[in-house]
Amino acid sequence: VSDQTANALVVWNVPEGRELARIPLGDSPEAIYLSADGKWLSAAIEENDQVLIIDTASSRIDRRIAMKGKNPEHAVWSPDGRWIYASAEEADSVDIIDVAKGEVVKSVKVGDRPRGIGFLPDGSRAYVAAENADTVNVFDTTSHEVIARIKAGKRSNGVTVHPDGKRVFVTSGGDGTVQVIDTSTNAITSVIPVGRRPWNMALTPDGKKL
């Protein structure tokens, strides 16, 4: 769990409901993401303009990676663990981290205030919501370039990808909806009212409920 006020990562034993470790991260840590192999965590540290990589076995910080963009919000692993895409909300860009090199190798403009990021299961594409631009950017992860921009609802922010790779779900905080993107056409096929100011989402492991 990212504890923003304590500037720390808190590790919990879930069955026992107790804290195991508290790791100082830096000023204003944001979202925490687990690599597919479960060995690493990424943490976006907003005020320090860094992404940290944390060893889950030792609960120690392995690397601190300086961002090119200001105020990283999300730092999401590609399925193969080679890349981390980090949304820099004050730079209107996505910083692309080569994990092996431990550095940002490319920055791509995506629109005002980028937020949530989701990769297709095969890692071929990434979907990035730009909140103030009301768009979802589609990246080709071979070239790390935007190949499509989808007009989304107001204040689009959270992104969750279905395990089958056929649908991407995007929350629209300004409209109070979840939009469903068909990844074969990159068109929005459904708009689901959910209540005021939806943010992030999670799917059940079987993919039947969001």
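Please identify, among SER42, SER87, SER184, the residue showing maximal mean-square fluctuation in a Gaussian network model of the chain using a 10 angstrom Cα cutoff.
SER184
Pull up all non-local amide H partners of ASP134: gap of 5 or more, or a different chain, and H-to-H distance under 5 Å with H placed in the peptide plane.
ARG155, SER156
With a ≥ b ≥ c taken as the square roots of the eigenvalues of the C-alpha gyration tensor of region 121-171, please select rounded if a/c is under 1.5 and otherwise prolate if a/b is larger than b/c or oblate if it is not?
Values: a/c = 2.60, a/b = 1.29, b/c = 2.01.
It comes out oblate by the Cα gyration axes.
Picking from VAL14, GLY174, ALA100, whose Cα lies most toward the positive end of the charge dipole for the chain (charges on Cβ: Lys, Arg +1; Asp, Glu -1)?
Checking the options against the dipole of the chain, the answer is GLY174.
Compute the distance in nm between two label points, each set 7 Å from the Cα along the Cα-to-Cβ direction, one at ALA66 and one at ALA187.
Using points 7 Å along Cα→Cβ, the separation is 4.7 nm.
Over the chain, with a Gaussian network built from C-alpha contacts below 10 Å, which listed residue (VAL191, VAL14, VAL161) shows the highest mean-square fluctuation?
Its mean-square fluctuation being the largest, the pick is VAL14.
What list of ³J(HN,Hα) couplings, whole Hz, do you get for region 99-116 from phi and the Karplus terms 6.51, -1.76, 1.60, once you set θ to phi - 60° and write x for glycine and proline?
5, 4, 7, x, 8, 6, 10, 6, 10, 10, 6, 10, x, 5, 6, x, 10, x
Please give me the summed charge of the neighbours of ALA126: other residues whose Cβ is under 12 Å from its Cβ, Lys and Arg +1, Asp and Glu -1. It would help to have the intermediate numbers written out before the result.
On the way: positive: ARG125; negative: ASP122, ASP140, GLU145.
Net of charged neighbours comes to -2.
Report, in listed order, any pair from LYS166/LYS209; LYS70/LYS106; LYS68/LYS101; LYS39/LYS166 with a Cα-Cα distance greater than 22 Å. Please list the in-between numbers first.
Details: LYS166/LYS209 15 Å; LYS70/LYS106 14 Å; LYS68/LYS101 15 Å; LYS39/LYS166 27 Å.
In this structure, LYS39/LYS166 exceed 22 Å between Cα atoms.
Would region 1-68 count as rounded, prolate or oblate if I go by the C-alpha gyration tensor, calling it rounded below 1.5 in a/c and otherwise prolate when a/b exceeds b/c, oblate otherwise?
Values: a/c = 2.18, a/b = 1.37, b/c = 1.59.
Oblate, since a/c reaches 1.5 and b/c is not below a/b.
Measure off, as a whole percent, the carbon and sulfur share of the 1.4 Å-probe accessible area of the chain, all protein chains present.
Here it works out to 48 percent.
Using the reciprocal of the averaged 1/r over all distinct C-alpha pairs, how large is the Kirkwood radius of region 14-135 in Å? Please list the in-between numbers first.
Numbers: mean 1/r = 0.0688 Å⁻¹.
Answer for region 14-135: a Kirkwood hydrodynamic radius of 14.5 Å.
Quick one: compute the contact order of the chain, relative version, from alpha carbon pairs under 8 angstrom and 6+ residues apart, as a percent.
Averaging sequence separation for qualifying contacts and normalising by length gives 9 percent for the chain.
Tell me whether region 86-179 comes out rounded, prolate or oblate; compute the Cα gyration tensor, take square roots of the eigenvalues as a ≥ b ≥ c, and use a/c under 1.5 as the rounded threshold. Don't jump to the answer; show the numbers that get you there.
On the way: a/c = 2.08, a/b = 1.30, b/c = 1.60.
Oblate, because a/c is 1.5 or more while a/b does not exceed b/c.
Full-extension gain between LYS154 and SER58, please, as 0.36 nm times their residue separation minus the C-alpha to C-alpha distance.
Values: separation 96, 0.36 × 96 = 34.56 nm, distance 4.14 nm.
In short, 30.4 nm is gained.
Hey, in the GNM for the chain with a 10 angstrom Cα cutoff, which one of GLU47, GLU145, GLU16 fluctuates hardest?
GLU16
Taking the Cα-to-Cβ direction at VAL14 and at LYS39 and moving 7 Å from each Cα, how far apart do the two end points lie in nm?
That separation, rounded to one decimal, is 2.2 nm.
Calculate, in nm to one decimal, what ASP27 and LEU210 gain on full extension: separation in residues at 0.36 nm each, minus their alpha carbon distance. Let's see the in-between values first.
Details: separation 183, 0.36 × 183 = 65.88 nm, distance 3.18 nm.
The ASP27-LEU210 span can extend by a further 62.7 nm.
Loop-only check: which chymotrypsin sites (Phe, Trp or Tyr not before Pro) in region 98-205 are DSSP coil with at most 13 other Cβ within 10 angstrom?
Values: sites: PHE119, TYR127, PHE139, PHE169, TRP199; in loops: TRP199.
Loop-located and lightly packed - TRP199.
State, to one decimal in nm, how far the label point of ASP98 lies from the label point of GLU145, with both points 7 Å from Cα in the Cβ direction.
About 1.8 nm separates the two model spin labels.
If you put +1 on each Lys and Arg Cβ and -1 on each Asp and Glu Cβ, how big is the dipole of region 127-190 around its Cα centre, in Debye rounded to 20? Could the numbers behind the result be given before it?
Numbers: 6 positive and 7 negative charges, 28 e Å.
That gives a dipole near 140 debye.
Go ahead and run the numbers for FRET between VAL105 and GLU47, Cβ-Cβ distance against an R0 of 22 Å, rounding to 0.05.
On the way: r = 23 Å, r/R0 = 1.07.
Rounded to the nearest 0.05, the efficiency is 0.40.
The values are calculated or read from the model by the stated rules, or taken from the named source; none is laboratory data. What you are looking at is a predicted structure, and each value in this text was computed from that prediction instead of being measured. In this analysis, Cβ positions are derived from the backbone assuming ideal geometry, glycine residues included, and neighbour counts consider all displayed protein chains. Ligands, DNA and RNA are stripped out before the accessible areas are found, and what is left, the full protein with its side chains, is counted by its heavy atoms. Shrake-Rupley method; radii C 1.70, N 1.55, O 1.52, S 1.80 Å.
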